[in-house]
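Undergrad: This is the structure I have questions about; it appears just below.
The values are calculated or read from the model by the stated rules, or taken from the named source; none is laboratory data. Just so you know, these numbers come straight off a predicted model, no measurement behind them. Every residue, glycine as well, gets a Cβ built from its backbone with ideal geometry; the counts of neighbours run over all protein chains shown. The accessibility values were calculated without ligands, DNA or RNA, using every heavy atom of the protein model including side chains. Shrake-Rupley method; radii C 1.70, N 1.55, O 1.52, S 1.80 Å.
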Amino acid sequence: MSKQLQALIIGASRGIGLGLSKELQQRGWAVSATRRLLAGAEESPEIKWLTLDINNLQQSTTFGQMLPLEQFDVIVVNAGVYGPDHQSVSSTTQDELLSLFMTNTFSPIRIANAVLPSLKANTGVLAFTSSKLASLNENPHADMPLYSASKSALNMLTRTLLPATESRGLTLLSLHPGWVQTELGGAAAPLTVQESVQGLANVLDNYQGKGGHHFVDYSMQNLSW
Ligand SMILES: NC(=O)c1ccc[n+]([C@@H]2O[C@H](COP(=O)([O-])OP(=O)(O)OC[C@H]3O[C@@H](n4cnc5c(N)ncnc54)[C@H](OP(=O)(O)O)[C@@H]3O)[C@@H](O)[C@H]2O)c1
């Protein structure tokens, strides 16, 4: 009998994170997942819920320290925000910028560093929910510029993890989930959460043991940086 695969999804109270947690659990994985508030966790008792606000440095450090070493096959850092609706550099405040870039760029890398030792060597996958909008090639007109810039910077900082992941045979992924019907994606998005997370789960399955750093969408297409 094969051993049960284990996943940790960070930022899973709703949307893609919650959908992906449920999808992996239904595929037979043991799933741990985080949310900022425990309220609502009772609706998905099949998931092991942990609390974490990725912007809280103290919580992030303690969170990493309490995880067993080499426990997870996959860790997905999924938490993210859109930032101000106007998406205008000229109109934005310093507080808005700080909040956007902390949540989408710096805190994901910080929590990734904290949880890295709990990924299984050789086959472990560390994935970030990025966006196709992060790419100059895929987003030539810089649509949604503040949000997109925060994800471009996330992709760049993700690359700084490569020496640490390569030395343990891990695989790094920057994922594009598609444009998805969530609070962030809005009702006009073409993809349901279910369609996106089925694809993302296939990607996570497929990339175990591959090594390197890949920018991939939910349909397993490679994207240009
Ligand atoms: N939807 C799309 O079309 C789309 C496209 C490309 C990329 N993405 C990316 O996919 C990821 C998930 O987005 P979504 O569409 O599912 O959005 P969503 O429904 O708005 O969910 C965002 C998730 O991030 C969590 N989160 C936000 N700030 C956090 C923090 N400081 N600490 C911990 N968790 C935090 C939220 O938790 P709370 O409930 O506590 O706020 C929520 O669980 C994001 O990184 C997003 O940028 C989405």
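Undergrad: Please determine, by comparing only the residues of the range 147-175 that are over 24 Å from Glu70 (Cα atoms) and touching a helix residue (DSSP H, G or I) at 6+ places or on another chain (Cβ under 6 Å), which one is surrounded by the most Cβ atoms within 10 Å (Cβ to Cβ).
TA: Ser150
Undergrad: Sticking with this one: Being open to solvent by 60 Å² or more (accessible area, probe 1.4 Å) and within 16 Å of the ligand (Cβ to nearest atom): is that true of Arg110 here?
TA: yes
Undergrad: Additional query: Give me the pairs: first residue in the range 179-202 and among the polar types (S, T, N, Q), second residue open to solvent by 80 Å² or more (accessible area, probe 1.4 Å) and more than 9 Å from the ligand (Cβ to nearest atom), beta-carbon distance under 7 Å, and six or more apart or on different chains, which are they?
TA: Once the first residue is among the polar types (S, T, N, Q) and sits in the range 179-202, its partners that are open to solvent by 80 Å² or more (accessible area, probe 1.4 Å) and more than 9 Å from the ligand (Cβ to nearest atom) give Gln181/Ala187.
Undergrad: Considering the range 193-207 alone, what residues qualify as being of a type in the set (S, T, N, Q) and open to solvent by 10 Å² or more (accessible area, probe 1.4 Å)?
TA: Those that are of a type in the set (S, T, N, Q) and open to solvent by 10 Å² or more (accessible area, probe 1.4 Å): Gln194, Gln198, Asn202, Asn206.
Undergrad: Can you tell me which residue in the range 62-79 is nearest to Leu116 (Cα to Cα), limited to those that are within 14 Å of the ligand (Cβ to nearest atom) and open to solvent by 20 Å² or more (accessible area, probe 1.4 Å)?
TA: In this case the residue turns out to be Asn78.
Undergrad: Going through the range 117-133 one residue at a time, which ones are more than 12 Å from the ligand (Cβ to nearest atom), of a type in the set (Val, Ile, Thr) and open to solvent by less than 50 Å² (accessible area, probe 1.4 Å)?
TA: Val125
Undergrad: Quick one: how many residues across the range 134-182 are of a type in the set (Val, Ile, Thr) and more than 12 Å from the ligand (Cβ to nearest atom)?
TA: 4
Undergrad: If a residue must be touching a Leu at 6+ places or on another chain (Cβ under 6 Å) and under 15 Å from Leu24 (Cα atoms), how many such residues does the range 178-200 contain?
TA: Residues meeting the conditions: 2.
Undergrad: I'd like the residue in the range 9-52 that is open to solvent by less than 30 Å² (accessible area, probe 1.4 Å) and of a type in the set (D, E, K, R) and, out of all such residues, is nearest to the ligand (Cβ to nearest atom).
TA: Arg35
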